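The values are calculated or read from the model by the stated rules, or taken from the named source; none is laboratory data. Note that the structure is predicted; figures quoted are calculated from it, not measured. Positions of Cβ are backbone-derived with ideal geometry, glycine not excepted, and every protein chain shown enters the neighbour counts.
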Amino acid sequence: MQNVFRAMHDDEKRPKGGMTRLQFFITVFISSFGYYIVPNYLFPSISALSFVCWIWKDSVTIQQIGSGSYGLGIGSIGLDWSTVAGFIGSPLATPAFAIINILVGYIVTVYIVIPIAYWTNAFEAKRFPLISSHLFMANGSRYDVNQVLNQQTFEFSQEGYDSVGQINLSIFFLLTYGLSFATLAASLSHVGFFYGK
């Protein structure tokens, strides 16, 4: 422990043409701060640049297909590393077979299953946005959760639910929920079959 404290208070000489550890730390800190503050807070639109949406800006279908934030993101590019690495965390620390496995599942789900389910109007999907995590009423308006909760105890109110109606989800959120539950069941099955006796 003494070595740690001693290292923190050592006088370090700057090598010719180089930098000290503190200078390197400050340079990396300022660079990282700038790199994350610009796309996340000052200019978030560089996270999803969609040339398809710019060309056909009045078409709702093209916005659903091309928007990187509210659609399928076909033709959309991201200049932000957190957007590029968002589906896996850091692609530098994950094995290639895992990245390919996740990418294939992502492509099948987002570019095949969700468009087919949405444009065939499965589960009345066209009443709601293509991609949204919000809850909706049957007519497509936002669901008021306060009407189905007791305001004093925050318990579920069956009378409120009966008067408001059932909860509806966007097709993306519905399939994401379903696949999440399937993943949990598959994980338990995998452990049982491969490691059980």
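The combined condition, being among the polar types (S, T, N, Q), loosely packed, with under 13 Cβ neighbours inside 10 Å, assigned to a loop (DSSP other than H, G, I, E, B) and modelled with pLDDT under 95, is fulfilled by ASN139. Can GLY165 be described as assigned by TED's automatic domain parsing to the domain that holds ILE107 and either touching a helix residue (DSSP H, G or I) at 6+ places or on another chain (Cβ under 9 Å) or under 30 Å from ILE112 (Cβ atoms) (or both)? When the stated conditions are applied, GLY165 does not pass them.
Answer with yes or no whether SER47 is more than 22 Å from TRP119 (Cβ to Cβ), surrounded by 14 or more Cβ atoms within 10 Å (Cβ to Cβ) and of a type in the set (S, T, N, Q). Yes, satisfied. What are the pairs with Cβ atoms under 6 angstrom where one residue, in segment 134-153, is in the same structural domain as PHE172 (by TED's automatic domain parsing) and the other, located anywhere, is charged (D, E, K, R) and surrounded by 15 or more Cβ atoms within 10 Å (Cβ to Cβ)? Sequence gap at least six, or different chains. From segment 134-153, the pairs are GLY140/ARG127.
Given the criteria at pLDDT 80 or above, under 16 Å from VAL110 (Cβ atoms) and either touching a helix residue (DSSP H, G or I) at 6+ places or on another chain (Cβ under 6 Å) or outside the structural domain of LEU130 (by TED's automatic domain parsing) (or both), does SER50 qualify? When the stated conditions are applied, SER50 passes them.
Scanning segment 57-109 for residues that are in a loop (DSSP other than H, G, I, E, B) and farther than 25 Å from SER32 by Cβ yields LYS57, ASP58, SER59, SER67, TYR70, GLY71, LEU72, GLY73, ILE74, GLY75, PRO95. Within segment 53-78, residues that are not assigned by TED's automatic domain parsing to the domain that holds SER170 reach no partner that is crowded, with 20+ Cβ neighbours inside 10 Å with beta carbons closer than 7 Å at six or more positions or on different chains. Of the residues making up segment 110-129, one or more are in a helix (DSSP H, G or I), in contact (Cβ under 8 Å) with a residue 12 or more places away in the chain, hydroxyl-bearing (Ser, Thr, Tyr) and surrounded by 15 or more Cβ atoms within 10 Å (Cβ to Cβ). Among the residues of segment 155-178, those identified as farther than 15 Å from ALA122 by Cβ and of a type in the set (Val, Ile, Thr) are VAL164, ILE167.
In segment 88-112, what residues are within 18 Å of the chain's Cα centre (by Cα) and under 17 Å from LEU72 (Cβ atoms)? Answer for segment 88-112, where residues must be within 18 Å of the chain's Cα centre (by Cα) and under 17 Å from LEU72 (Cβ atoms): LEU103, VAL104, GLY105, TYR106, ILE107, VAL108, THR109, VAL110, TYR111.
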